[in-house]
Amino acid sequence: MSTPIEEEIVGLLKQGDKRAISLLYENYGDALFGVISKVLTDSDLAQDALQETFIKVWKKGKSYDSKKAKLFTWLYRIAYNTAIDKVRSYNNKTGKEIQMDASNVYTLTGDSLNQDTLDIQKHLSSIDEKYQIVIHALFFEGMTQQEASDELDIPLGTIKSRLKIGLRELKKIYDPETKQS
């Protein structure tokens, strides 16, 4: 059972009315910020995640289905997943230090390189385009699965499936003797 304010917000979201965002912020902003703050301890990152949450809600508002989840549950999931993605993205950007003394870049020989894998772009272009797009976004553009889902406007589950199938197709090219079960 939804409240009148929830019904109003959902109606405005479905119509693409920008007043929905103001109402969402007024009624759910603090609660969503609290959810995000439990995942992100940095206040600036939490604010960014909250803003991204509202952008995602705005973009996906027309697809909200009250039969699947209450409004707050739907908002909570988006906020929580956005916070998790923010943590992963932040850790990927800041957690990679270059260890020069541990690097083997300068000691690689031609014998230690697998010549078959150097032509990945050629082989990538031999698989179905829908798999190419996902693999390119995740591996060559460094997106998280959620970022790829948002950027490509493809459901997250589809991103995961296409990645799995695309990698399986590439494996067949690189190791044709592998038996697929």
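Taken together, the values in this text are just the output of simple stated rules run on the coordinates, not laboratory data. On a predicted model such as this, the values are computed, not experimentally measured, just so you know. Neighbour counts are summed over all protein chains in view; Cβ atoms, including those assigned to glycine, are modelled from backbone coordinates with ideal geometry.
Of all residues in the stretch 147-162, those satisfying the criterion of being surrounded by fewer than 19 Cβ atoms within 10 Å (Cβ to Cβ) and assigned to a helix (DSSP H, G or I) are GLU147, GLU151, LEU152, LEU156, GLY157, THR158, LYS160, SER161. What number of residues in the stretch 40-71 are assigned to a helix (DSSP H, G or I) and touching a residue at least 60 places away in the same chain (Cβ under 8 Å)? The qualifying residues number 3.
Among the residues of the stretch 7-26, which ones are buried (at least 18 other Cβ atoms within 10 Å of the Cβ) and either in contact (Cβ under 8 Å) with a residue 60 or more places away in the chain or over 12 Å from PHE54 (Cα atoms) (or both)? Once the filter is applied, which keeps residues that are buried (at least 18 other Cβ atoms within 10 Å of the Cβ) and either in contact (Cβ under 8 Å) with a residue 60 or more places away in the chain or over 12 Å from PHE54 (Cα atoms) (or both), the stretch 7-26 yields ILE9, VAL10, LEU12. If I ask for residues that are loosely packed, with under 13 Cβ neighbours inside 10 Å and among the β-branched types (Val, Ile, Thr), which ones from the stretch 35-54 would you list? THR41 - this is the single residue of the stretch 35-54 that is loosely packed, with under 13 Cβ neighbours inside 10 Å and among the β-branched types (Val, Ile, Thr).
Right, ILE165: in contact with a His (Cβ under 6 Å, 6 or more places away or on another chain) and in a helix (DSSP H, G or I) or not? Considered against the rule, which asks whether it is in contact with a His (Cβ under 6 Å, 6 or more places away or on another chain) and in a helix (DSSP H, G or I), ILE165 comes out as no.
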